[in-house]
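One structure is given below, encoded as structure tokens.
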Amino acid sequence: MNSKSSTITNLKKAGATILYGLTLGALFFWQVVDLEGNTFTFWDAAILSAILFLFYPLLVQLGFFKDRDFLKLHFMACGTGILLALAWPPLPTAFIVFGALMPLLYVEHLVSNPNSKYFGHNFFRLSYTAILLWNILTTYWVANSHVFGGIFAYVANTFFMCLPWFMFHLTKKKFGPGLGYLSLIAYWLAFEYLHMQWDLSWPWLTLGNAFASIYPVVQWYEYTGHLGGTLWVLVVNTGLFYGITNAPKIQLWFIKRFRLAESKAITYAKVLVAGIVTAVILLPMGISWFMYQQNNPTYYYDNATANVTVLQPNIDPYNEKFSGSPDEILDKMMLLSAEALTPETDYLVWPETSLPTSVWVDRPYQSYSMQRLQDFLKIHPQLTLVTGAIAREKYDHKATATTRIHASNSDTLFYDVFNAALQMEDTLPIQDYRKSKLVPGVEKMPYPDLLGLLGGLAIDLGGISGSLGEQDNREVFFNSDSIGIAPVICYESVYGDYVAEYVRNGAEAIFIITNDGWWSNSAGHVQHLQYASLRAIETRRDIARSANTGISAFINRRGDIEQATSYWEPAVITKNIQLNSEITFFVRYGDYIGRVACFLAIFLVLMTFIRKKTGK
């Protein structure tokens, strides 16, 4: 009997192992070997998430992991990952975020209990599972370009995002829940701020971005930036959880202070906690709604305007851009643009890396594309063209960490390659800006001074790859009428303080040029569009957004998206956008919330480890 039972158990283990391996292997094989061009979809992400969600139960079934109490904690922690994904754009369900951290906070509460058999490393594993689920379910589309590169991004970014949770656990263990929950706010805000500063930056999941789909409730971002939204989320979650877990102390306070019966004290404690949390949620929303009405564009009818035409050429970045001749591509874009141009048109905006031939910045008109554009502007002499291009700059030596070297028998060429924006007018010199917030692993390898030899490993996303050059300052394009435009390129539009620097340098409006084609028709390009609404609110600048395959649109100063095009269709749209020279509080002071949080986090880390070392 025992032998038979053992055989059945072993067969179950073998079957479960084979099923798990086949499921995971089939998904990878489909993505890597598939020749039909299928992309990584939400359902692929759901499969990966289900595998992750069931990982510990499988280990229990296999007998490798017998701690069923930990299994319960695992399922609770996963609740935070799922809730955060449900709260994320493009879903209009951002209010879920006000309770999304509660499951993981409860898990930490159980782990940090003096009678708990678990330790800090156990909580790190649990928080890792929760945050990995969040990463996969919200940014699954990253794997469209390269499945293994996407998985590496999930794994690495999750590790970094777990660090503030781990530090919060250590601080709370040393100082108790009061300072502990305050430390979570400081650590997470400091993490989000620092995560926007280094070469492995990926701020897509900044908590304040959750409100991009319901932007009318965060109009006060013009004072706080999107880190103010993060602060809002953290205060509500930690405050509510602290109130619930400390309800007995609140009840006791009511009994002693007002000599109430226990039943009444319980009721009053619940009302107090619920009232405070409700006020913290509703008061900012009420202020925001008032600001939303006050920033109605019709109230600013006397502002200066610019007539802007935005092109969405819908050129496949993987195939059409390289199968067609430069003439065919330029003809398509010029003909589509010409349909909407009038003598009143001030600006024509083309998307990121539009030009089919690269441009040497010291001799731009040697480029065939630039020669064609010069002829085009002679036909439309009133027009200012802003377009994306692949630019190159020649050096006489290895001038930067990203300098490329091409050696031949007769000469050695030193040059940099840039993802650039160009502004062209019929009679004025060309102005250029080089994208400087580069996508890690795609447009640059992190820390090229140290890892320069790895630059060639960057993933190709349709025509521009390898470690690219960048520039230090945010260049503002001024035309012959002295109108200042911020040329924001693709991924840069996710960074609030970065975009604000253009405005500090004189930008009166923002042009976002992007190529979201590699994301396919997923949540990624919609999230990218909605995040732009937050930049409009922070700076109170109108935005013209030109996306190669969509979604192109105009966004007014309060974040309303107007004339949004369909995805993967050629289109051209025109609007008079308002120009604004006023400076918001956020533009003036930048991410001050993040900087303050960094000082607090450093202090808390030092105190935590000093106490740990001394044992006090």
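The values are calculated or read from the model by the stated rules, or taken from the named source; none is laboratory data. Small disclaimer: the values here were computed from a predicted structure and weren't measured. Quick reminder, even Gly has a Cβ in these numbers, built from the backbone with ideal geometry, and neighbours come from all protein chains shown. Calculation scope for accessible area: heavy atoms of the full protein, side chains included, ligands and nucleic acids excluded. Shrake-Rupley method; radii C 1.70, N 1.55, O 1.52, S 1.80 Å.
A residue that is outside any helix (DSSP H, G or I), open to solvent by less than 10 Å² (accessible area, probe 1.4 Å) and under 20 Å from HIS528 (Cα atoms) can be found somewhere in region 198-214.
With the structure loaded, tell me whether LEU194 is within 28 Å of SER533 (Cα to Cα), surrounded by fewer than 20 Cβ atoms within 10 Å (Cβ to Cβ) and at pLDDT 95 or above or whether it fails that test. Taking the combined requirement at face value, the residue satisfies it.
Just one residue in the set ILE329, ILE287, ILE315 is farther than 30 Å from ALA391 by Cβ and either buried (at least 19 other Cβ atoms within 10 Å of the Cβ) or among the hydrophobic types (A, V, I, L, M, F, W, C) (or both); that residue is ILE287.
What are the residues in region 96-127 that are open to solvent by 50 Å² or more (accessible area, probe 1.4 Å) and either of a type in the set (Phe, Trp, Tyr) or not in a loop (DSSP other than H, G, I, E, B) (or both), if any? Answer for region 96-127, where residues must be open to solvent by 50 Å² or more (accessible area, probe 1.4 Å) and either of a type in the set (Phe, Trp, Tyr) or not in a loop (DSSP other than H, G, I, E, B) (or both): ILE96, TYR106, HIS109, LEU110, PHE119, HIS121, ARG125. Please indicate, with yes or no, whether at least one residue in region 597-606 is buried (at least 20 other Cβ atoms within 10 Å of the Cβ) and of a type in the set (Phe, Trp, Tyr). Checking region 597-606: not a single residue is buried (at least 20 other Cβ atoms within 10 Å of the Cβ) and of a type in the set (Phe, Trp, Tyr).
Taking the numbered list (1) part of a loop (DSSP other than H, G, I, E, B); (2) hydroxyl-bearing (Ser, Thr, Tyr); (3) closer than 26 Å to LEU91 by Cα in turn, SER581 passes all entries but (3). Could you list, in sequence order, the residues of region 291-316 that are among the aromatic types (Phe, Trp, Tyr) and over 27 Å from the mean Cα position of the chain (by Cα)? Result: TYR299, TYR300, TYR301.
The set of residues in region 77-95 being open to solvent by 60 Å² or more (accessible area, probe 1.4 Å) and in contact with a Leu (Cβ under 9 Å, 6 or more places away or on another chain) consists of ILE82, LEU86.
Counting just the residues of region 313-330 that are outside any loop (DSSP other than H, G, I, E, B) and acidic (Asp, Glu), which one comes out modelled with the lowest pLDDT? It comes out as GLU320. ARG504 falls short on exactly one of the conditions (1) farther than 21 Å from MET424 by Cβ; (2) surrounded by 22 or more Cβ atoms within 10 Å (Cβ to Cβ); (3) touching a residue at least 60 places away in the same chain (Cβ under 8 Å), and that condition is (2). Counting residues in region 140-154 that are open to solvent by less than 10 Å² (accessible area, probe 1.4 Å), part of a helix (DSSP H, G or I) and of a type in the set (Ser, Thr, Tyr) gives one or more.
Let's see how each residue does on (1) open to solvent by less than 40 Å² (accessible area, probe 1.4 Å); (2) among the polar types (S, T, N, Q):
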| residue | (1), (2) |
| --- | --- |
| PHE554 | yes, no |
| ILE561 | no, no |
| THR574 | no, yes |
| GLU582 | no, no |
| PHE585 | no, no |
| TYR589 | no, no |
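Apart from one condition, TYR193 fits all of (1) assigned to a helix (DSSP H, G or I); (2) touching a residue at least 40 places away in the same chain (Cβ under 8 Å); (3) out of contact with any Leu (no Cβ under 9 Å at 6 or more places or on another chain); the exception is (3). Look at THR514 and say whether it is among the β-branched types (Val, Ile, Thr), in contact (Cβ under 8 Å) with a residue 60 or more places away in the chain and over 21 Å from THR384 (Cβ atoms). No, not satisfied.
The set of residues in region 347-369 that are in contact with a strand residue (DSSP E or B) (Cβ under 7 Å, 6 or more places away or on another chain) and without any contact (Cβ under 8 Å) to a residue 24 or more places away in the chain comprises GLN366, SER367. When TRP253 is tested against the conditions (1) farther than 22 Å from HIS109 by Cα; (2) out of contact with any Asp or Glu (no Cβ under 9 Å at 6 or more places or on another chain); (3) open to solvent by less than 20 Å² (accessible area, probe 1.4 Å), the lone failure is (3).
Scanning region 370-429 for residues that are assigned to a helix (DSSP H, G or I) and of a type in the set (Lys, Arg) yields ARG372, LYS378. State yes or no: is ALA523 among the aliphatic types (A, V, I, L, M) and open to solvent by less than 10 Å² (accessible area, probe 1.4 Å)? No. Total residues in region 530-547 satisfying the condition of being within 23 Å of TRP141 (Cβ to Cβ) and either of a type in the set (Ser, Thr, Tyr) or open to solvent by 10 Å² or more (accessible area, probe 1.4 Å) (or both): the figure is 4.
When VAL233, VAL217 are checked against the criterion of being more than 24 Å from ASP542 (Cβ to Cβ), buried (at least 19 other Cβ atoms within 10 Å of the Cβ) and not hydroxyl-bearing (Ser, Thr, Tyr), VAL233 stands alone in meeting it. Within region 290-312, restricting attention to residues that are closer than 29 Å to GLY388 by Cα and part of a loop (DSSP other than H, G, I, E, B), the residue that is least open to solvent (accessible area, probe 1.4 Å) is ASN303. For THR224, indicate whether it is touching a residue at least 12 places away in the same chain (Cβ under 8 Å), more than 25 Å from LEU105 (Cα to Cα) and of a type in the set (Val, Ile, Thr). For THR224, the condition - touching a residue at least 12 places away in the same chain (Cβ under 8 Å), more than 25 Å from LEU105 (Cα to Cα) and of a type in the set (Val, Ile, Thr) - is met.
In this structure, PHE168 does satisfy being modelled with pLDDT of 95 or more, buried (at least 22 other Cβ atoms within 10 Å of the Cβ) and in contact with a helix residue (DSSP H, G or I) (Cβ under 9 Å, 6 or more places away or on another chain).
Is it fair to say GLY239 is out of contact with any Pro (no Cβ under 8 Å at 6 or more places or on another chain), at pLDDT below 95 and under 17 Å from ALA100 (Cα atoms)? Criteria met by GLY239. Restricting region 342-387 to residues that are β-branched (Val, Ile, Thr) and farther than 29 Å from TRP518 by Cα leaves a set whose member that is most open to solvent (accessible area, probe 1.4 Å) is ILE379.
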